[in-house]
Amino acid sequence: MSKQYDPLTGKVVPTFFSYAIPSILGMLSITTAAIVDGIFLGNYVGPSALAAINLAIPVMTLLYALVFTMAVGGSVTFGKFIGEKDFTAASDVFTKTLFVMLVGSLVITGTSLLFMEFLVGLLGANDELRPLVTDYLKIIFLFGPALLVGLTLFYFVRTEGHPMIANGALLASAAVNIGLDWLFVAEQGRGIEGAALATGIAECVILIALLPLLFKHNNNLKFRWIKGGWNKITQAAANGVSEFANEVSVGIMTLIFNWVMISRLGVEGLAAFSVISYIVYLGIMICYGISESLQPTVSKNLGARQPIRIRAFVSVACISSLIVGIVFATLLALLPEALISLFLDDSEVATIEIALTFMALFWPAVIFNGMNITLTSYFTAMHRPLESAAIAFSRSLILPAVFLVSLPIWLGDTGIYISIPLAEAATFGLALFLLSRNRPSRLAAPL
């Protein structure tokens, strides 16, 4: 990273966007690949494939939860040590985090494949969707270790000061995924197995692209002999608990939502929920790209005790997330038919009708969720895991579950559709309260 964009000394806005733009592009590459998966499956296989993918989401969040717990927590700790100029400790954290991720990914993959039948039943798949979900997850889990280790490298490479290289790997992965979707699903007709295989091969691209950086001598991504001193990794994991909470909460909430949708509205309702999820996912991932830029910029300034710069970086991130939220809320409110038509053929009347009703009530959620994601990332970067976890659990699990259980009693299906918007709005109020109690001037005051 050029000294011009050094988080400790560079101008705030250019420095922030030197991290944010590559991060957004990287997140967009992941999102685009996922959306293209949905477009190909919706148009070449049908709503049942979209519903099956949505049933698999809770399992996918388990993999990402492990990544975010260790990789995000570890890279933030890594960045803090760099800010303190303790490069030996930074390399130690890197080595042990990568080791834990490799072992953890192998354990999760092996266990999941062994108990696949039980897992698919737990996800709520009916007789129509069970074989589709099984075929998809078997392939995804086979590539699980490559995904987890590759994404771990991504976070450390970015924090080390190479955001363009890190996000270039994501862009390359997305391009491969899209190309293979066309080949396997559209041309060869391999259905949901083809989409899973395309995703798995693309995940390997991230790992292959970033591995050469480990052999460069002019960076801190160096392996150290693993011995003792695991307290740093424990602390890193504790700092990443909010990211774990966020992902696991999303998975649990999606599981509950899937159960409700398939029981009340059938496969068509679940497919409609999938369409909405794909569209909203795009805006959320842009906000994740913005918020994750706080981790290297804020964590280094925390180590250097520069609260004014921290406040400036957070302000830029929050304003950017708010703008993104307003843009996507406008698109969802004004262009629902055009967005839905990307995924569903006009003949899928029942699914389209449910999706239109859902979207008409859901759009306010995207105004608040980006701000909530950004403030969660702020607390993680400032080593305030409890505050970060409180926001993550509130927006992703506790409040949606409360509203999802209670509102349909009085409002019917409308209660289902508005549960998440209300949860995001209430969480934003909580986030502002926590921010008022944990300002940079207090947490990063010079010693």
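Read the figures in this text as sums done on the coordinates, not as results from a lab. Please read all numbers here as calculations on a predicted model, not as lab measurements. Cβ atoms come from the backbone with ideal geometry, glycine included; neighbour counts cover every protein chain shown.
Label-to-label distance, A445 versus R305, with points set 7 angstrom from Cα along the beta-carbon direction: 1.2 nm.
Provide the gained length on full extension for the span L62 to T88, in nm with one decimal, where the gain is 0.36 nm per separating residue minus the Cα-Cα distance.
My answer for the length gained is 6.2 nm.
In a Gaussian network model over the chain where Cα atoms closer than 10 Å are linked, find which of V267, V327, V36 has the largest mean-square fluctuation. Comparing V267, V327, V36 in a Gaussian network model of the chain, the most mobile one is V327.
Under a crude label model (7 Å from the Cα following the beta-carbon direction), how far is L411 from L322 in nanometres? According to this spin-label approximation, the distance is 2.5 nm.
Measuring spread by the Cα atoms of segment 4-132 yields a radius of gyration and Dmax of 20.0, 59 Å. Shown for F215, F81: other C-beta atoms within 10 Å of each C-beta, ranked fewest to most, produce the order F215, F81. Projecting the Cα positions of V248, L339, L214 onto the charge dipole of the chain (unit charges on Cβ atoms of Lys, Arg, Asp and Glu, taken about the Cα centre) puts L214 furthest along the positive direction. Residue exposure proxy: Y281, Y155, ordered by other Cβ atoms within 10 angstrom of their Cβ from fewest to most, comes out as Y281, Y155. Legend: ranking of residues C318, C287 from fewest to most surrounding C-beta atoms inside 10 Å; resulting order C318, C287.
For the pair segment 7-33 / segment 48-72, the C-alpha centres are spaced 24 Å from each other. Each residue of segment 297-310 was assigned a 3J(HN,Hα) from its phi angle through the Karplus expression (A = 6.51, B = -1.76, C = 1.60, θ = phi - 60°), giving 6, 6, 4, 5, 6, 5, x, 8, 6, 10, x, 5, 5, 4 Hz with x at Gly and Pro.
Compared with the direct C-alpha span, the chain from L8 to L386 gains 133.5 nm at full extension, assuming 0.36 nm per residue. Distance from the Cα centroid of segment 257-308 to that of segment 345-372 is 16 Å (rounded to whole angstrom). Calculated on C-alpha atoms, the gyration radius of the chain divided by its Kirkwood radius gives an Rg/Rh of 0.96.
A Gaussian network model of the chain, with springs between Cα atoms under 10 Å, assigns the largest mean-square fluctuation among R311, R437, R190 to R437. Here the gap between I21 and N126, fully extended at 0.36 nm per residue and compared with their Cα-Cα distance, gives a gain of 33.6 nm. Listed values for segment 102-116 are Karplus-derived 3J(HN,Hα) couplings in whole Hz (6.51 cos²θ - 1.76 cosθ + 1.60, θ = phi - 60°), namely 5, 5, x, 5, 5, 5, 5, 4, x, 5, 5, 5, 5, 10, 4, and x replaces Gly and Pro. Site pair D345 and F99 shows an inter-label distance of 5.5 nm when each label is modelled 7 Å from Cα along Cα→Cβ.
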